[in-house]
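Report on the following structure.
The values are calculated or read from the model by the stated rules, or taken from the named source; none is laboratory data. Remember, predicted model here, so these are calculated numbers, not experimental data. Methodologically, a virtual Cβ is constructed for each residue, glycine included, from the backbone with ideal geometry; neighbour enumeration extends over all protein chains shown.
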C-alpha cells in the first residue's frame with residue numbers, strides 16, 4: 001500500500017509542489033513498481049520535487065535499487081529534484097556504495 | 001576493503017536472485033525485465049538493455065530496455081563480421097571504446113553515445129550468439145572494475161541460458177505445430193482414402209449404394225452413444241466404412257443378383273470378411289481394430305455367424321458394433337429381393353435378436369440414441385439424415401422405442417417391480 005501526500009507551497013506560485021511518497025517495509029519488485037508508477041505519475045503531472053520517505057523501510061533489494069535509479073533518471077530528464085528522507089543507516093550505506101547519493105539529497 | 005566486501009555481498013545476492021528468477025517458470029519477457037533490474041541494481045547501473053539475437057533476421061531485438069529513451073533503436077542489424085567477432089570474443093564484456101571496431105557499432109554509434117553506453121556484452125551460449133547486453137554508466141560515475149565485469153559476465157551467462165532455453169522451447173513448439181499440421185493432413189488423407197474405398201465398395205452393388213458410408217455413420221452413432229472418446233468414435237466410423245472391403249474381390253453378378261443366391265454363390269460371398277481382413281491387415285491403421293471389424297462383422301453372439309462361428313466374448317467389440325450397424329442398414333434399405341422394413345418391425349427385430357445376434361447393450365445404446373433424437377433431447381439429426389424424415393417420424397415410433405427400451409433395460413427397481421408384478425410373480429404391498 002502506497003501512502004502519498006502532497007505538501008503545497010503556501011505563499012506563491014513560484015514555490016514548487018513537493019510530493020511525498022512512502023515506501024513499504026521491503027522495497028522489492030512488487031512494491032518498487034508501485035512506487036515507480038506513482039513517481040512517474042507525479043512527475044508527469046508537473047511535480048518538481050519528489051520526496052521518497054523510507055521511514056517504514058528496512059530492506060531495499062537489487063530490484064528496488066534499479067527501480068530507484070529509474071525514478072532518479074526520469075526525474076532528472078524532467079528537471080525534477082528527488083529527495084530521500086528518513087532512510088536508515090544501512091540503506092544509506094547501500095545508496096552511497098552504489099552511487100544513488102550522487103543524484104539525490106538525503107534528508 | 002569493507003566497502004568492497006559489501007559490494008560483493010550485494011552483487012552475490014542479486015546473482016542468487018537472478019538464478020532463482022531464471023529457473024522459475026515465469027513469463028519469459030518478465031524474466032528478462034527482472035534480469036535487467038537485477039544487473040542494474042547489483043552494480044548501480046543507470047540504464048541498459050537486454051537483446052535477443054535472431055539468427056534468421058541477423059538482428060539484435062530488444063527484450064527489455066531501461067532508461068535509454070524512446071528514440072533508442074529496438075532492433076539492430078548485424079553483419080557476418082559482427083557475428084564472427086561476437087563468437088571470437090565469447091561471453092566477455094567489451095568497453096564501448098573498443099566495441100566501436102564492430103561494424104554494427106559504427107551504424108548505431110550516435111544512439112549509443114547519446115545514451116552514454118559504457119559496456120557491451122555479447123551473450124554467447126554453447127558457441128552460439130543468443131543475445132547481448134548494453135549497459136550504461138554507473139550511478140557512481142566511476143569506470144567498471146574488473147570484478148564488476150566478472151559479475152556482469154556471470155549474470156550475462158544466466159540471461160544467455162534463459163534466452164537459449166526460450167529459443168529451444170520456441171523451436172520445439174514450432175516443430176510440434178508442424179507435426180500437428182502434418183498429422184492433420186495425414187488424417188484427412190486417410191479419411192478421404194477410406195471414404196473413396198467405401199464408395200468403390202458400394203459401386204459394385206447398385207442396390208446397396210451408400211451402404212458402407214451408412215454403416216460407418218451408424219457405427220459412429222453407436223460408439224458415441226456408448227460414450228466413447230473422439231478418436232474411438234472415429235475408429236468405429238472407419239471400421240464401418242471399410243467393413244465390406246472384401247466384396248471388391250467378389251464377382252459383381254453375385255453381389256447384384258436380383259434373386260436369393262445359391263449355396264455356391266453364397267460360399268463365395270461369405271469369403272468377403274476374411275478377404276477384407278487380408279486386405280486391411282497390412283495397412284497401419286490409426287485405429288487397430290479396423291481389420292478385425294471387417295473379419296468378424298458377420299459373427300453372431302449365439303455362434304451361428306461366419307466365418308469362424310465365434311461366440312459372444314470371442315467376438316471383438318468393434319465387430320459387434322459394425323454387425324449391428326450393418327444389419328440395421330440392411331433392414332432399413334430396399335434390397336433386390338426385399339423391401340425396406342417399417343421402423344417398428346426393425347425395432348422388434350433388434351429386440352428379438354438382442355443376445356442372439358446382437359450385443360444387448362449395443363441395441364439399447366443405439367435405440368436410445370434414436371429416441372433422444374425423436375424426443376428432441378439430441379438436436380443432431382443423425383438418424384433423420386440417414387433414414388429420411390418420413391421414415392423416422394412415422395406414427396408411434398417414439399412410443400415403441402420407449403416401450404422397447406423399458407423392456408430391455410429393467411435397471412431401476414421401479415421398472416423391475418412393475419415388470420415382475422405384471423406377470424404375477426409377487427405382490428406389491
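Going through (1) in a helix (DSSP H, G or I); (2) more than 34 Å from the chain's Cα centre (by Cα); (3) at pLDDT 90 or above one by one, residue B:306 falls short only on (1). Check the range B:116-139 and report whether any residue there is crowded, with 17+ Cβ neighbours inside 10 Å, more than 14 Å from chain A (Cβ to nearest Cβ) and not in a strand (DSSP E or B). Within the range B:116-139 (the criterion being crowded, with 17+ Cβ neighbours inside 10 Å, more than 14 Å from chain A (Cβ to nearest Cβ) and not in a strand (DSSP E or B)), the answer is no, since none of the residues qualifies.
Please go through the range B:395-429 and give me each residue that is at pLDDT 65 or above and either in contact with a strand residue (DSSP E or B) (Cβ under 9 Å, 6 or more places away or on another chain) or loosely packed, with under 13 Cβ neighbours inside 10 Å (or both), ordered by number.
Quick first cut of the range B:395-429, residues at pLDDT 65 or above only: B:395-409.
B:395, B:396, B:399, B:407, B:408 - these are the residues of the range B:395-429 that are at pLDDT 65 or above and either in contact with a strand residue (DSSP E or B) (Cβ under 9 Å, 6 or more places away or on another chain) or loosely packed, with under 13 Cβ neighbours inside 10 Å (or both).
Among the residues of the range B:140-162, those that are surrounded by fewer than 13 Cβ atoms within 10 Å (Cβ to Cβ) and part of a loop (DSSP other than H, G, I, E, B) comprise B:141, B:142, B:143. Just one of (1) within 14 Å of chain A (Cβ to nearest Cβ); (2) out of contact with any strand residue (DSSP E or B) (no Cβ under 9 Å at 6 or more places or on another chain); (3) part of a loop (DSSP other than H, G, I, E, B) fails for residue B:68. It is (2).
Considering only residues of the range B:59-76 that are out of contact with any helix residue (DSSP H, G or I) (no Cβ under 7 Å at 6 or more places or on another chain) and at pLDDT 90 or above, which is surrounded by the fewest Cβ atoms within 10 Å (Cβ to Cβ)? The residue in question is B:75. Residues satisfying the criterion are present in the range B:325-347 (criterion: modelled with pLDDT of 95 or more, under 31 Å from the mean Cα position of the chain (by Cα) and closer than 20 Å to residue B:244 by Cα). For residue B:367, the criteria (1) under 15 Å from residue B:222 (Cβ atoms); (2) at pLDDT below 95 hold in every case but one, which is (2). Please tell me if residue B:258 is in a loop (DSSP other than H, G, I, E, B), within 24 Å of residue B:220 (Cβ to Cβ) and touching a residue at least 40 places away in the same chain (Cβ under 8 Å). Against the criterion (in a loop (DSSP other than H, G, I, E, B), within 24 Å of residue B:220 (Cβ to Cβ) and touching a residue at least 40 places away in the same chain (Cβ under 8 Å)), residue B:258 does not qualify. When B:347, B:321 are screened for being touching a helix residue (DSSP H, G or I) at 6+ places or on another chain (Cβ under 8 Å) and under 20 Å from residue B:272 (Cα atoms), only B:321 passes. Confirm whether residue B:92 is more than 16 Å from residue B:163 (Cβ to Cβ) and away from every other protein chain (no Cβ under 13 Å). Taking the combined requirement at face value, the residue satisfies it. With respect to the stated conditions, residue B:97 fails to be more than 18 Å from residue B:165 (Cα to Cα) and assigned to a loop (DSSP other than H, G, I, E, B).
Taking the range B:25-50 as the range and being in contact with a helix residue (DSSP H, G or I) (Cβ under 9 Å, 6 or more places away or on another chain), in contact (Cβ under 8 Å) with a residue 12 or more places away in the chain and either assigned to a loop (DSSP other than H, G, I, E, B) or more than 12 Å from every other protein chain (Cβ to nearest Cβ) (or both) as the test, the residues that pass are B:28, B:32, B:44, B:46, B:47, B:49, B:50.
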